[in-house]
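A quick write-up on the structure given underneath.
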Amino acid sequence: MRNTFQLNILAALALFLGGCNSNIVYKASKEIPGGVWSYQDTLLFDFNIEDTLSVYNLNLEIEHSPEFSYQNLYTRIFTGFPSGDRARQVVSLELADKSGMWQGKCGKNKCLLKIPIQENAYFNQRGAYSMTIEQYMRQDNLPGVYGFTLSIEKQDRQREIKESGK
């Protein structure tokens with residue numbers, strides 16, 4: 001009887017702890033081979049969205065060298081929509097503050113920084129989306145960039161929908 005009680009407590013605890021990050025609807029990592037990001041190399045993230053009423057935060061984690069030569073990293077981000085449409089945006093990822101200090105957590109060999117790339121976003125269409133990230137610096141081969149992680153986190157609220165005609 002006591003063993004059954006302990007197992008039930010452990011199962012409940014596992015469910016509780018496992019549900020702590022249940023708002024993450026997508027998370028994937030892409031490694032940059034050899035830590036050198038070539039201008040021709042693109043990072044592709046494919047994900048599905050079913051809930052068009054919820055609000056989401058899109059975050060990009062960047063792993064880079066503490067010896068990286070720049071304070072920011074220019075990227076082009078292409079978003080593919082279920083309708084087949086595509087949007088393009090140039091985004092500067094600020095890796096260091098104005099004084100040149102790295103943001104995020106830095107160790108001897110690597111820095112890790114989580115950057116919100118879109119907060120309180122919503123998706124108008126259900127279905128398959130894609131996000132392609134390209135380096136957009138003035139250097140063909142960019143050393144010191146090790147990888148990226150894209151995460152999409154559902155917020156605990158829904159977007160406001162305006163009624164047409166009012």
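What follows draws every value from the coordinates through simple rules; no lab data is involved. Note that the coordinates shown come from a computational prediction; the quantities given were computed from them, not determined experimentally. Positions of Cβ are generated from backbone atoms using ideal geometry, with glycine treated the same way; all protein chains shown enter the neighbour counts.
Some values worked out for this structure:
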{"read-out": "Rounded to whole Hz, the Karplus (6.51, -1.76, 1.60) HN-Hα couplings of region 30-39, x for glycine and proline", "value": "10, 8, 8, x, x, x, 10, 8, 7, 4"}
{"read-out": "5 angstrom amide H check on Val55, placed H, neighbours 5+ away", "value": "Gln155, Arg157, Arg159"}
{"read-out": "Long-range amide H partners of Tyr26 with built H, under 5 Å", "value": "Ile152"}
{"read-out": "Neighbour net charge for Asn59 - beta-carbon separation under 12 angstrom, K R +1, D E -1", "value": "-1"}
{"read-out": "Out-of-range pairs (alpha-carbon distance over 30 Å; input Lys105/Lys162; Lys27/Lys108; Lys98/Lys162; Lys108/Lys154; Lys114/Lys162)", "value": "Lys105/Lys162; Lys98/Lys162; Lys108/Lys154; Lys114/Lys162"}
{"read-out": "In order through region 79-95: 3J(HN,Hα) via Karplus (6.51 cos²θ - 1.76 cosθ + 1.60), integer Hz, x for Gly, Pro", "value": "10, x, 9, x, 6, x, 5, 9, 10, 10, 8, 8, 10, 8, 8, 7, 8"}
{"read-out": "At 0.890 mPa s and 25 °C, Stokes diffusion of region 24-158 via Kirkwood alpha-carbon radius, µm² per second", "value": "157"}
{"read-out": "J(HN,Hα) series, region 63-68, from Karplus relation 6.51 cos²θ - 1.76 cosθ + 1.60, nearest Hz, glycine and proline x", "value": "10, 9, 7, x, 9, 4"}
{"read-out": "Under 5 Å, built H, 5+ apart or other chain: amide partners of Thr42", "value": "none"}
{"read-out": "Total formal charge among the other residues, if their Cβ is under 15 angstrom from that of Gly127, Lys/Arg +1 and Asp/Glu -1", "value": "-2"}
